[in-house]
Amino acid sequence: MSSTTTTTCSTASNIYILPIQDAACALPNTGNATSIMSKCCSPAPPTTYDNDCGIYCLAQEQSVHDLLGCIQANGAVTEPFCSGNMSATATAAVVSVSTTGSGGSTGTRTGSAASGTHTGGAGGVRKVGLGVLGMVVVSAVWGGGLV
């Protein structure tokens, strides 16, 4: 017999502790949260965290206020939470990365130079999360052939 591990999100999860320290908004990753975040987060991609229990994105090229407004206007009225003050924007740079392959597409990724302040709320930073984010960006830069 094989056993499967199922991760359940509960009130004891850490979704209210974002894995970055920058201006960002997040949602519990339930229902149509991925769709809402994909619609509102451009150019920063939405990212899941805390065993896929939460989904967040940086307030890239928009204020926290504007990002929160978009999330709420698209159906997540009471669930979103944000870090940074309402006029803050993310400090991480958007880095263009050229990808080669059968599709020949070009995408964007956020840099790891994120620094910022968190004001109030139940946010914080896990050093492991920052380390992982840094490793992902470094591997994308070195492995993806940043031009």
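Under a Cβ-Cβ cut-off of 13 Å, what is the net charge of the residues other than residue 29 that fall near it, where Lys and Arg count +1 and Asp and Glu count -1?
Numbers: positive: none; negative: 50, 52, 79.
With Lys, Arg at +1 and Asp, Glu at -1, the neighbours total -3.
Could you please report the charge total around residue 71, scoring K, R as +1 and D, E as -1 over all other residues with beta-carbon less than 14 angstrom from its beta-carbon?
-1
Testing the spin-label approximation: label points 7 Å from Cα along Cα→Cβ at residue 30 and residue 42. State their distance in nm.
Spacing of the two 7 Å Cα→Cβ label points: 2.9 nm.
Roughly what would the spin-label model give for residue 78 and residue 16, points 7 Å off Cα along C-beta, in nm?
1.5 nm
Taking the Cα-to-Cβ direction at residue 8 and at residue 86 and moving 7 Å from each Cα, how far apart do the two end points lie in nm?
Distance between the two pseudo-spin positions: 3.8 nm.
Values quoted throughout were computed directly from the atomic coordinates according to the rules given, and no laboratory measurement underlies them. Keep in mind that this is a model prediction, so the values were computed, not measured. Ideal geometry is used to build each Cβ from the backbone, glycine not excepted, and the neighbour counts take in all protein chains shown.
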